[in-house]
Amino acid sequence: MTDEERRSLLVSVMGASAFLPEPDPRIPDGVPMGAGYVPGVPRLGVPALLMTDASLGITNPGYRPGDTATALPASLATGASFNPALARAAGELLGREARARGFNVLLGGGANLTRDPRNGRNFEYLSEDPLLTGVLAAEAIAGTQAMGVISTIKHYSLNCNETNRHWLDAVIDPDAHRESDLLAFQIAIERAQPGSVMGGYNKVNGEYACGSPTLLGGVLKGAWEYPGWVMSDWGATPRWEYALAGLDQESGAQIDVTLWGGEPFGAPLAAALASGELPRERLADMVRRILRSIYAVGADAWGPAPDVDMDRHAGVALETARQGIVLLKNDGVLPLALADGATVAVIGGYAHLGVPSGTGSSAVTPPAGHAGTIGIGGPGIMGAARNLFLLPSSPVDELRRLLPGATVEFDPGMSPAESAALARRADVAIVFGIRIEGEGFDLHDLALPWGQDAVIEAVAEANPNTVVVLENGSPVALPWHDRVRAIVEAWYPGQAGGQAIAEIVCGAVNPSGRLPLTFPADLAQTPRPELPGLGRPWGEPVTIRYDEGADAGYRWYARTGAAPRYAFGHGLSYTTFEHRDLAVEGGETITAAFTVTNTGTRAGADVPQLYLTEAAGERRLRLLGFERVELAPGESRRVTVTADPRLLARFDGGAGRWQLAGGTYRVALGRSAADLGPEAGAELGTRTFGR
Ligand code: BGC
């Protein structure tokens, strides 16, 4: 390979889209465009890299006029399913749909922890827990790579808020980082070996993630011996020297020009090579890592494209919504049992048209197109991409289909008085509360926007049978909680969302989702009641201290004793389950076995969760394992969970190893992190292991 050929592999350029309307002259005509293009080396049979977003479907913010793709629910719905098989199916779907379009790199695999309920991108992530996130991300990555498409895991690491993300310094205790966000990445990477890792925009402890010797050379390529390549996020390479720290590829180079005034892995990198400042060995390593992943995943040796059965893919989107929707509260009103001729008032949320999605680079145009798009706008480069997108699966239409004996009437939810008037003469009122969240914007509070709380209050006042359905991507404040009879958390439910919501409300599907993140009672009880830098002008540096360390999410509430509104792992069913006969063995790690029984009258799925409660004399709450178990009425199943010993240990940065203190380890079987049932303990010996 000539040096020029080598260097050509190190820069990706973006296609023309809503984000960047001008086409880049380096992209040849006829190339299927997405977020990134890297020329190949045809002389040597090295394919060009064609990159597309992302985890919720093959995105198209104008790259490929007219092209649409399966639009999956928010990743939080996959998280809420606690179902690795669904994550795998989604990964395969993404791989197939990417490959059918000629894309060989998927920028999917969002694996940041949802540490902050205000993070605008929580919907693109799986959960607040390292095990759940790592396991599900691994399945998605493996599914994609099984299709011969390289999968990326992102945004490495601690890109847990969007506030001024290019200037954000995320501060955390390094050992706590290893036990939390980095553990999620480690679990996913070792299980699924993604071909590439995308560095985040932010700094971690003062070093930009894409130029961090600590995170790249030290942890990822050093301790974990990661053999693939590290690409930057789009516009996250200000300087060529990031190559010395471990960055292998500059991405979205045009954005680097806009933000930092140049393309550092272009001429500056060539000059550094010529002057010897960039060692030749490092250049060879950068190139070798990219080539290695191409060959390891088989992106160079594509046979005929796998079949894309869009009906089957629609089924995956539907099933993810069904299993991901969480029934938060139900005092018996659900599933609806209506007399013939009953009136159902459906209010708000554009429920006559469809369901909303999150915004930013992950937004997908579904097969039937959008049922509506409203530009919301806002400051910074992501303002242009901030839209209220409605996917055409109308809850109103679906409820009418499932309730043929009822009259389903719709009110837009614009005015509390008008909505109350319809609710008053209905037998049941279903109010939709939506919130548009997305890339580039953190939430300023947990409230529903646009006066929706006042509409819900008025409807609940007018009708004692009020059900609230939430469509959003982060925890929501529920000021009307005690005045409504049921609350359904539907997240952004994807292209079949309206159907899944209607099926759950009407009882055709028994809800089985469990919260993958805590719903706090209010911001005061979260680790950061105030989010530094919120609302400050674009470009202003900000420092966010993640002083909760490894105690993200439910672990924080266990530590502080605060009672959240709804705990991690919580979710109701239309049947009941019993957990019993917990037996625990020690030794090198904890192995627990227990029996789950469906004690109710209808089939349903339970998600028993095994938590560590005490580690060698220290109170410590950690999810050690889980299993989604489908059971017929009266049916029982024995489940065995073996804990990853890292979840029982502490990371010792000085030694660079995991340290397990010998002693008694106690575990409990939970319905959520705050509802623990049977407990047992076992002895573990002191040991040092892993890296
Ligand atoms: C996002 C990435 C995405 C990339 C390419 C960035 O703004 O942070 O998640 O993959 O754009 O579209």
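The values are calculated or read from the model by the stated rules, or taken from the named source; none is laboratory data. Remember, predicted model here, so these are calculated numbers, not experimental data. Every residue, glycine as well, gets a Cβ built from its backbone with ideal geometry; the counts of neighbours run over all protein chains shown. Calculation scope for accessible area: heavy atoms of the full protein, side chains included, ligands and nucleic acids excluded. Shrake-Rupley method; radii C 1.70, N 1.55, O 1.52, S 1.80 Å.
Can you find, among 408, 389, 446, the residue farthest towards the positive end of the dipole of segment 362-455? Put +1 on the C-beta of Lys and Arg, -1 on that of Asp and Glu.
408
Around residue 676, with a cut-off of 12 angstrom between Cβ atoms, what is the net charge of the other residues, counting Lys and Arg +1 and Asp and Glu -1?
Result for the local shell: -1.
Residue by residue through segment 71-88, what is 3J(HN,Hα) from phi via Karplus (6.51 cos²θ - 1.76 cosθ + 1.60, θ = phi - 60°)? Round to whole Hz and write x for glycine and proline.
Karplus-based 3J(HN,Hα) across segment 71-88 equals 9, 7, x, 3, 4, 4, 5, 4, x, 5, 6, 6, 10, x, 5, 5, 4, 5 Hz.
Find the all-direction average of the projected area of the Cα convex hull for segment 502-562, expressing the result in square nanometres with one decimal place.
7.0
For the chain, what does -39500 (n - 2.57) per DSSP helix run (n ≥ 4), summed and divided by total residues, give at 222 nm, in deg cm²/dmol to the nearest 500?
-7000 deg cm²/dmol
Could you point to the residue in 111, 560, 41 farthest towards the positive end of the chain's charge dipole, with +1 and -1 charges on the Cβ of Lys/Arg and Asp/Glu respectively?
The residue sitting farthest along the positive end of the dipole is 41.
Taking the Cα centre of segment 215-349 as the origin, how large is its charge dipole in debye, to the nearest 20, when only Lys and Arg (+1) and Asp and Glu (-1) carry charge on their Cβ atoms?
300
Rg/Rh for segment 284-391: what does it come to with C-alpha atoms and Rh from Kirkwood?
1.14
On the protein heavy atoms, probe 1.4 angstrom, tell me the percent of accessible surface of the chain carried by carbon and sulfur.
Reported share for carbon and sulfur atoms: 51 percent.
For residue 359, enumerate residues with amide H under 5 Å from its amide H, sequence gap 5+ or separate chain, H modeled in the peptide plane.
437, 438, 439
Spelling out what I want: for every residue of segment 294-307, take phi, set θ = phi - 60°, compute 6.51 cos²θ - 1.76 cosθ + 1.60 (Karplus), and round to whole Hz; glycine and proline get x.
Karplus-based 3J(HN,Hα) across segment 294-307 equals 4, 6, 5, 8, x, 6, 8, 10, 6, x, x, 4, x, 4 Hz.
When ranked by the protection proxy of mean other Cβ atoms within 10 Å per residue, highest first, what sequence do the peptides 672-678, 370-376 form?
672-678, 370-376
Give me the orientation-averaged projected area of the Cα convex hull of segment 335-491, in nm², one decimal.
Reported value for the Cα convex hull: 9.2 nm².
Ignoring solvent entirely, what values of log10 I(q)/I(0) come out of the Debye formula for segment 9-112 at 0.12, 0.15, 0.21, 0.22 Å⁻¹ when each Cα is a single scatterer?
Here log10 of I(q) over I(0) equals -0.44, -0.66, -1.09, -1.16.
Count the net charge of all other residues whose Cβ sits under 14 Å from the Cβ of residue 400, scoring Lys and Arg as +1 and Asp and Glu as -1.
-3
Considering only DSSP beta bridges with both partners in the chain, what is the antiparallel share in %, to the nearest 5?
Within the chain, antiparallel bridges account for around 60 percent of the total.
In whole Hz and in residue order, list the ³J(HN,Hα) couplings for segment 604-620 that follow from phi through the Karplus curve 6.51 cos²θ - 1.76 cosθ + 1.60, θ = phi - 60°; x for Gly and Pro.
Those phi angles translate into x, 10, 10, 10, x, 10, 9, 10, 6, 10, 8, 10, 6, x, 10, 5, 7 Hz.
Among 595-606, 38-49, how do they line up by average Cβ neighbours within 10 Å per residue, starting with the highest?
Taking the mean over residues of other Cβ atoms within 10 Å, the ranking is 595-606, 38-49.
Run down the lysines and flag those whose C-alpha is under 17 Å from the C-alpha of residue 221, throwing out any fewer than 8 positions away in its chain.
Cross-link targets: 154.
Got a sec? Which residues in segment 584-605 would a label at residue 638 touch, if it sits 7 Å along Cα→Cβ and we count backbone N under 12 Å?
Inside the label zone: 593-596.
5 Å is the cut-off here: which amide hydrogens, built 1.01 Å from N in the peptide plane, fall below it relative to residue 616, excluding neighbours closer than 5 in sequence?
Result for residue 616 returns 664, 665, 666.
Enter the accessible area per residue of the chain (Å², integer; probe 1.4 Å; all protein chains in place).
Value for the chain: 33 Å² per residue.
How long is segment 228-348 along each principal axis, judged by its Cα atoms, biggest number first, in Å?
82, 39, 23
What length, rounded to one decimal in nm, is gained on full extension from residue 540 through to residue 260, with 0.36 nm per residue of separation minus their alpha-carbon distance?
Answer, rounded to one decimal: 99.4 nm.
Can you give the net charge of the other residues whose Cβ lies under 13 Å from the Cβ of residue 284, counting K and R as +1 and D and E as -1?
+2
Find which of 607, 464, 337 sits farthest along the positive direction of the dipole of the chain, computed with +1 on the beta-carbon of Lys and Arg, -1 on that of Asp and Glu, about the Cα centre.
607
Can you tell me which of 260-272, 304-316, 493-505 comes out highest on packing, and rank the rest after it, using the mean Cβ neighbours within 10 Å?
Those peptides, ordered most packed to least, come out 493-505, 260-272, 304-316.
So what is Rg over Rh here for the chain, counting just Cα atoms and using Kirkwood for Rh?
0.97
With both partners inside segment 385-520, how many of the DSSP beta bridges are antiparallel, as a percent to the nearest 5?
Within segment 385-520, antiparallel bridges account for around 10 percent of the total.
So if I place +1 on the C-beta of Lys and Arg and -1 on the C-beta of Asp and Glu, and nothing else carries charge, what would the dipole magnitude of the chain be about its Cα centre? I want it in debye, nearest 20.
Rounded to the nearest 20 debye, it is 700 debye.
If the viscosity is 0.692 mPa s and the temperature 37 °C, what translational diffusion coefficient in µm²/s does Stokes-Einstein give for segment 173-284 when Rh comes from Kirkwood over Cα pairs?
It diffuses with D of about 227 µm²/s by this estimate.
Ratio of Rg to Rh for segment 567-691, alpha carbon only, Kirkwood?
We get a ratio of 1.04 for segment 567-691.
For residue 308 and residue 664 in the same chain, what is the full-extension length gain: residue separation times 0.36 nm, less their Cα-Cα distance, in nm?
My answer for the length gained is 123.0 nm.
Counting only residues 5 or more places away or on other chains, whose amide H sits under 5 Å from the amide H of residue 677 once H atoms are built in the peptide plane?
Under 5 Å from the amide H of residue 677 lie the amide H atoms of 669, 670, 671, each far enough along the sequence or on another chain.
At q = 0.10 Å⁻¹, work out log10 I(q)/I(0) for segment 76-197 with the Debye formula, treating every Cα as an identical point scatterer and leaving solvent out; two decimals please.
With one equal scatterer per Cα and no solvent, log10 I(q)/I(0) is -0.28.
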